[in-house]
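Below is one structure, written out as structure tokens, with a few remarks after it.
The values are calculated or read from the model by the stated rules, or taken from the named source; none is laboratory data. Nothing here was measured: the structure is a model prediction, and the numbers come from that model. FYI the Cβ positions are ideal-geometry reconstructions off the backbone, even for glycines, and counts take in every protein chain you see.
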Amino acid sequence: MRVVYSPAHLAHDTVTETVMGAVIPANEVPERAERIRSTLEADGGFAFGVPTEHGTKPILAIHDAGLLRFLEEAWPAARAQSIDRPNLIADTYPTFRMFEGMSPEFLASRPETSFAAGRAGWWGLDTANPLLAGTYAAARAAVDVALTTADLVLGGEGAAYGLCRPPGHHAARSMAGGYCFLNNAAIAAEAIVRATGERVAILDVDYHHGNGTQQIFWRRGDVLYVSLHADPERQYPFFLGRADETGEGEGSGANLNIPLPAGTGDVAYLEALDRGLAAIAETPGDVIVVSLGFDTYGHDPIGDFALTTPVYHECGRRTAALGRRLVILQEGGYHRPSLGANARAWLRGSEGRPYEPLPAGGFGELGSDR
Ligand code: SP5
Ligand code: ZN
């Protein structure tokens, strides 16, 4: 399988994030992508390539120009304002309740403020989104990785994998959040719709609900969004991801959320996956964009599912069994020692190669992961 990777992600060198106000070591770190890269390289069955630059046009087909401008300007602006921090994390966010009773017209006239931390709140969802000197270039490169992966599939590959970092599925049209700045999968899906004129399905198997992807395609009937994730009753992003969110207008019925309980294991997960795949099989289209996360893994530090490495092989196999072409894009997954083995298992499954577990103590297989 062809793999698209860019070293630009290394400069988005996150160190801390906050959880309930406490500063903790960052979960979404460069090591994640490097673990996956080295394991896939060692496998020998993956052919690596670099992304080609696609410019801002496909990004602006999905995102508000103001968000992109903010991401480009944020770090220099924080520096110019002498914000004495290694990264920019907002503390004040414009919740919709702040504007209760005010008209959409009046809201549209509200300025985003010129102060860097205020702007980070204006364009942000949460405090888990540290923005650094290298963030903008890394986010742009992750989009190019996604679009180049889509190009490979549009060019005839049955499946290709984009090692996107930072991830994307929490980023909405006008909002960064949840370690995500630009929605790589949504941008790729839109590019595929425009190139083919056909419907596209997005299968989101990250542990978290992809609120950004759902928001972007909420009223769109030409992009089916299917997501398996932790029930927002107990888990980030809390305010979206419930089963009764099915889309509106043209998009009515084109959004399927499958929230799952804590402790979800291999068998229950495969049942849920089959439900999601069945929904995709019922809608026309030839391409699936997979938002692939491994925070469903049993040892993930921020998840509470119980998946094992071999089930990722089966997930890849069942997804490919729909017979559609796959644009597979990396999202989350924070148990670093297992990331390579889990990605390798999923991707091998999706191209019909046997699982062939890595030797214990090899590339982070269970048994050497503590
Ligand atoms: C792409 C992606 O996976 N983003 C995830 C963003 C999650 N942000 C909130 C993290 C909340 C961490 N809760 C820690 C619980 C520890 N038991
Ligand atoms: Zn996640």
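Among the residues in region 19-42, are any touching an Asp or Glu at 6+ places or on another chain (Cβ under 7 Å), touching a residue at least 40 places away in the same chain (Cβ under 8 Å) and farther than 20 Å from Pro167 by Cβ? No, every residue in region 19-42 fails to be touching an Asp or Glu at 6+ places or on another chain (Cβ under 7 Å), touching a residue at least 40 places away in the same chain (Cβ under 8 Å) and farther than 20 Å from Pro167 by Cβ.
Return a yes/no flag: does region 319-329 have any residue that is assigned to a loop (DSSP other than H, G, I, E, B), small (Gly, Ala, Ser), at pLDDT 95 or above and surrounded by fewer than 16 Cβ atoms within 10 Å (Cβ to Cβ). Even if it seems obvious, please write down each step before you answer.
Of the residues in region 319-329, the ones assigned to a loop (DSSP other than H, G, I, E, B) are 321-324.
Next cut, small (Gly, Ala, Ser) only: 321, 323.
Right, trim to at pLDDT 95 or above and you get 321, 323.
Checking the rest, the ones that are also surrounded by fewer than 16 Cβ atoms within 10 Å (Cβ to Cβ) come to 321, 323.
Yes, the conditions are met somewhere in region 319-329.
Quick one: in region 228-240, which of the residues that are aliphatic (A, V, I, L, M) and not in a loop (DSSP other than H, G, I, E, B) is nearest to Val19 (Cα to Cα)? Per the criteria, the residue is Ala230.
Restricted to strands (runs of 3 or more DSSP E) entirely inside region 9-88, those with at least 1 residues that are of a type in the set (S, T, N, Q) and within 27 Å of Gly333 (Cα to Cα) are 16-19.
Looking across Ala195, Ala243, Ala191, Ala201, one residue alone is assigned to a loop (DSSP other than H, G, I, E, B), aliphatic (A, V, I, L, M) and away from ligand 2 (no atom under 16 Å from the Cβ). It is Ala243.
Within region 292-308, residues that are under 12 Å from Ser338 (Cα atoms) and away from ligand 1 (no atom under 11 Å from the Cβ) have Cβ atoms under 9 Å from residues that are assigned to a loop (DSSP other than H, G, I, E, B) and of a type in the set (A, V, I, L, M) in these pairs: Tyr297/Ala306; Gly298/Ala306; Gly298/Leu366; His299/Leu366; Thr308/Leu366, counting only partners at least 6 apart in sequence or on another chain.
What number of residues within region 204-227 are assigned to a loop (DSSP other than H, G, I, E, B) and touching a helix residue (DSSP H, G or I) at 6+ places or on another chain (Cβ under 6 Å)? Break it down stepwise before answering.
In the first step, residues of region 204-227 are kept if they are assigned to a loop (DSSP other than H, G, I, E, B); the result is 205-210, 217-222.
Narrowing further to those that are touching a helix residue (DSSP H, G or I) at 6+ places or on another chain (Cβ under 6 Å): 218-222.
Number of matching residues: 5.
Taking the criterion of being in contact with a strand residue (DSSP E or B) (Cβ under 8 Å, 6 or more places away or on another chain), more than 16 Å from ligand 1 (Cβ to nearest atom) and either free of Cβ contacts under 8 Å to residues at least 12 places away in the same chain or not in a helix (DSSP H, G or I) (or both), the residues of region 151-170 that qualify are Glu157, Gly158, Ala159, Ala160, Tyr161.
Given the structure, is Asn183 within 16 Å of ligand 1 (Cβ to nearest atom), within 25 Å of Gly293 (Cα to Cα), buried (at least 21 other Cβ atoms within 10 Å of the Cβ) and at pLDDT below 95?
Judged against the criteria, Asn183 is not a match.
Looking at region 316-338, which of the residues that are among the small types (Gly, Ala, Ser) and within 24 Å of Leu224 (Cβ to Cβ) is nearest to ligand 2 (Cβ to nearest atom)? First the steps, then the outcome.
As a first pass, look at region 316-338 and keep what is among the small types (Gly, Ala, Ser): 316, 320-321, 323, 332-333, 338.
The next check asks that each one be within 24 Å of Leu224 (Cβ to Cβ); those that pass are 316, 320-321, 323, 332-333.
Working: Gly316: 18, Ala320: 22, Ala321: 25, Gly323: 28, Gly332: 3, Gly333: 7 Å.
Of everything passing the filter in region 316-338, Gly332 is nearest to ligand 2 (Cβ to nearest atom).
Among the residues of region 100-110, are any more than 16 Å from ligand 2 (Cβ to nearest atom) and surrounded by 19 or more Cβ atoms within 10 Å (Cβ to Cβ)? No, there is no match, as no residue in region 100-110 is more than 16 Å from ligand 2 (Cβ to nearest atom) and surrounded by 19 or more Cβ atoms within 10 Å (Cβ to Cβ). Taking the criterion of being assigned to a loop (DSSP other than H, G, I, E, B), aliphatic (A, V, I, L, M) and either crowded, with 22+ Cβ neighbours inside 10 Å or away from ligand 2 (no atom under 14 Å from the Cβ) (or both), the residues of region 259-315 that qualify are Ala262, Ala306.
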